[in-house]
Structure formats: C-alpha cells, structure tokens
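Only one structure is covered here, and it is reproduced in the block below.
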Amino acid sequence: MAADLARPDVAARRKEWIEQRQPRMRREPGRLVFLDENAVNTKMTRLRGRARRGQRLRARAPYARWGTQTFIAGLPADRLVAPWVIEGPINRTSFNTYIETQLAPTLSRGDVVIADNLSVHDSAVAKATLRQRGAWFLFLPQYSRLGARRDSWRGSCGIARRQPCLEHRAVDPVRILPS
C-alpha cells in the first residue's frame, strides 16, 4: 500500500469524497460522465512465436512504425460518449482539444465530468470550457479507482493485442470495445 494513502490530507479528501460527494452523485447517476483514456502501443505486437517443427511462423507486424495510439472517451451510466483516438500519448494540448471539440458538445447543463489525477487533466482551458457548458469538473481523490467504469476498458487492450496487425491508421474505437 502506498505511504501517501495514510497522509491526513489525502485521507480527508477521500473521506469528503465518500461521505459528501458520493451520496449526492448517487441521487442523479445519469448526470455523471467518467472520463478515462487507454493507450495501445504497437510495440505490444508479438515478435516471437511458436510453430510446428520444421515450419516457419508467419505473422504480420508493423514495419518500422512503432507508436502509441490513445483512446479517450466519456463513460456515462448507460453509453459511451465522445470516443476519440489520437496518435501518440495524450498531452495537455490534445486533452484540451478533446474537451473543446468532442466532449463539451455532448454535455448538458448540470452534468458532472469526473477524471482521475493525470496531470494533463488539470487544465484551466478544459475547466473553462466545461464551465461554459454548465458542467462541473471533478477529480477523483488520490488512490481512487474508477471502479466499474474502468472495467469497460479491460478487454480493449487484450482485443487490440490479438489483432493481426496494428498498422499506421486510427484504430476504430467501436471495434476494440468489448460488447
């Protein structure tokens, strides 16, 4: 267990989240939008394998184009909103662009966007954009999990790894999500 978990300030924020915020959120779960991202790296392609004795293993792998694709989306209680795939790891610029062009148009006044503590999420531009739409922007307390929401991502990396080849193209987000 992390030593920071026992710090009084971290414990106080977690207690506030559990005792004050969660009960209010449970009253209107349809207003919650959990924001999360998942990255797939083409280096996850298997470079070695097994074949029958005397036979060559034949498989596809990207040629000289190793890279990362990041899939980000909002997860309300009943659907997936604003799915977006970017080339490379997420940074503050791409996160701001995602909020402004993809997520904000799908939100209604009073919606609550909940993000983890990734440093790129702490953006003044994103906060202002969401405030302009009438939405709230909250961060999970340290050492929290998105819980059931994060479970929807579990299969996506495994499915992407089993694809014959991740070529240099945007991955279809609908295709990699578990049904």
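Is it true that residue 26 is out of contact with any Asp or Glu (no Cβ under 7 Å at 6 or more places or on another chain) and either assigned to a loop (DSSP other than H, G, I, E, B) or open to solvent by less than 80 Å² (accessible area, probe 1.4 Å) (or both)? For residue 26, the condition - out of contact with any Asp or Glu (no Cβ under 7 Å at 6 or more places or on another chain) and either assigned to a loop (DSSP other than H, G, I, E, B) or open to solvent by less than 80 Å² (accessible area, probe 1.4 Å) (or both) - is not met.
Once region 75-90 is narrowed to residues that are exposed (fewer than 13 other Cβ atoms within 10 Å of the Cβ) and touching a residue at least 24 places away in the same chain (Cβ under 8 Å), the residue that is farthest from residue 40 (Cα to Cα) is 78. Identify all residues within region 91-118 that are part of a loop (DSSP other than H, G, I, E, B) and more than 16 Å from the chain's Cα centre (by Cα); write none if there are none. Across region 91-118, the qualifying residues are 107, 108, 109, 110, 111.
Exactly one residue out of 169, 145, 133 is more than 26 Å from residue 13 (Cα to Cα), open to solvent by 80 Å² or more (accessible area, probe 1.4 Å) and modelled with pLDDT under 90, and it is 169.
Looking across 45, 101, 70, one residue alone is touching a Cys at 6+ places or on another chain (Cβ under 9 Å) and of a type in the set (Ser, Thr, Tyr). It is 45. Whether any residue in region 43-66 is open to solvent by 50 Å² or more (accessible area, probe 1.4 Å) and either within 21 Å of residue 126 (Cα to Cα) or not in a loop (DSSP other than H, G, I, E, B) (or both) is what I want to check. The answer is yes, given that some residue of region 43-66 is open to solvent by 50 Å² or more (accessible area, probe 1.4 Å) and either within 21 Å of residue 126 (Cα to Cα) or not in a loop (DSSP other than H, G, I, E, B) (or both).
Contact map, region 31-50: first residue under 21 Å from residue 91 (Cα atoms), second residue among the basic types (Lys, Arg) and assigned to a loop (DSSP other than H, G, I, E, B), Cβ cut-off under 9 Å, separation 6 or more or different chains; pairs are 42/65.
The values are calculated or read from the model by the stated rules, or taken from the named source; none is laboratory data. This structure is a prediction, so every number in the text was calculated from the model and none was measured. Virtual Cβ from ideal backbone geometry, glycine too; neighbours counted across all protein chains shown. Please note that ligands, DNA and RNA were not included when accessible areas were found on the heavy atoms of the full protein model with its side chains. Shrake-Rupley method; radii C 1.70, N 1.55, O 1.52, S 1.80 Å.
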